[in-house]
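The values are calculated or read from the model by the stated rules, or taken from the named source; none is laboratory data. A quick note: this is a predicted structure, and the numbers were derived from the prediction, not measured. Note that we place each Cβ from the backbone using ideal geometry, even for glycine, and neighbour counts take in every protein chain shown. Surface areas here come from the heavy atoms of the whole protein model, side chains and all, with no ligands, DNA or RNA. Shrake-Rupley method; radii C 1.70, N 1.55, O 1.52, S 1.80 Å.
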Amino acid sequence: MSKILIIEDELSIAELERDYLELNDFEVEIEPNGINGLEKALSEEYSLILLDLMLPDMDGFEICRQIREKKDIPIIMVTAKKNDIDKIRGLGLGVDDYVTKPFSPSELVARVKAHISRYERLVGSTALKNDVIEIRGLKIDKTDRRVYVDNEEKVFTNKEFDILCFLASNPNKVFSKDELFSKIWNMDSIGDIATVTVHIKKIREKIEFDTSNPQYIETVWGVGYRFRM
């Protein structure tokens, strides 16, 4: 069930919006306070936010700006103002749509459904596009060739990324240094396996919290390395 947050200080309007949305199988929360509404929007998961422009403690523009710094969920601004300048400002801050008071509840519900549907399609297409491995705070985006540790991007050389990606794509399997050299460099090691050791050391420095006790790339003494899932 999609969850909607209504940030609106006029209770009669908020309840009207809630009633029509609930009739269409949405879960709805009402927050009359702008600051509290912002906190909820940032700390909880919602499918869409209905945001009043004129709130007593913090206006809708500022709430929208702060939400957009953290999240990209759909925001529909509900306002009594018909000024194009306000609409242009809101759109510039990331508002997805405007509904002007007084409004048709049926039209409001239709717009909510349309924006949620479009957002879910966009998120779904992005998820399908990128091949990602995630485990214990480590994120390896195989499509974009990027690595994140606790959402912080780490810079990898091509060979470092190739080794990490190969090991993570074959979890819990032990590979010798010769095998890794052959897979990554596409040639026999001919005594050059020390370069594998150097690359593993650099990878660990970037992804491990404690390189002396690695949680991702383990050394299997006398054999090689494995990625622990």
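Would you call Thr100 surrounded by fewer than 16 Cβ atoms within 10 Å (Cβ to Cβ), in contact with a strand residue (DSSP E or B) (Cβ under 9 Å, 6 or more places away or on another chain) and of a type in the set (S, T, N, Q)? Against the criterion (surrounded by fewer than 16 Cβ atoms within 10 Å (Cβ to Cβ), in contact with a strand residue (DSSP E or B) (Cβ under 9 Å, 6 or more places away or on another chain) and of a type in the set (S, T, N, Q)), Thr100 qualifies. Scanning region 55-64 for residues that are without any contact (Cβ under 8 Å) to a residue 40 or more places away in the chain and crowded, with 16+ Cβ neighbours inside 10 Å yields a count of 3.
So, in region 1-46, how many residues would count as being open to solvent by less than 10 Å² (accessible area, probe 1.4 Å) and charged (D, E, K, R)? Final tally of qualifying residues: 2. The set of residues in region 208-229 being of a type in the set (A, V, I, L, M), part of a loop (DSSP other than H, G, I, E, B) and within 18 Å of Ser169 (Cα to Cα) consists of Met229 alone. The criterion of at least 1 residues that are among the aromatic types (Phe, Trp, Tyr), in contact with a Phe, Trp or Tyr (Cβ under 7 Å, 6 or more places away or on another chain) and in contact (Cβ under 8 Å) with a residue 40 or more places away in the chain is met by none of the helices (runs of 4 or more DSSP H) wholly inside region 75-170.
So that you can scan it fast, the table gives a plain yes or no per residue for (1) open to solvent by less than 40 Å² (accessible area, probe 1.4 Å); (2) out of contact with any strand residue (DSSP E or B) (no Cβ under 7 Å at 6 or more places or on another chain):
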position: His115; (1), (2): yes, no
position: Ile133; (1), (2): yes, no
position: Arg146; (1), (2): no, no
position: Val155; (1), (2): no, yes
position: Asp178; (1), (2): no, yes
position: Ser182; (1), (2): no, yes
position: Lys201; (1), (2): no, yes
position: Arg226; (1), (2): no, no
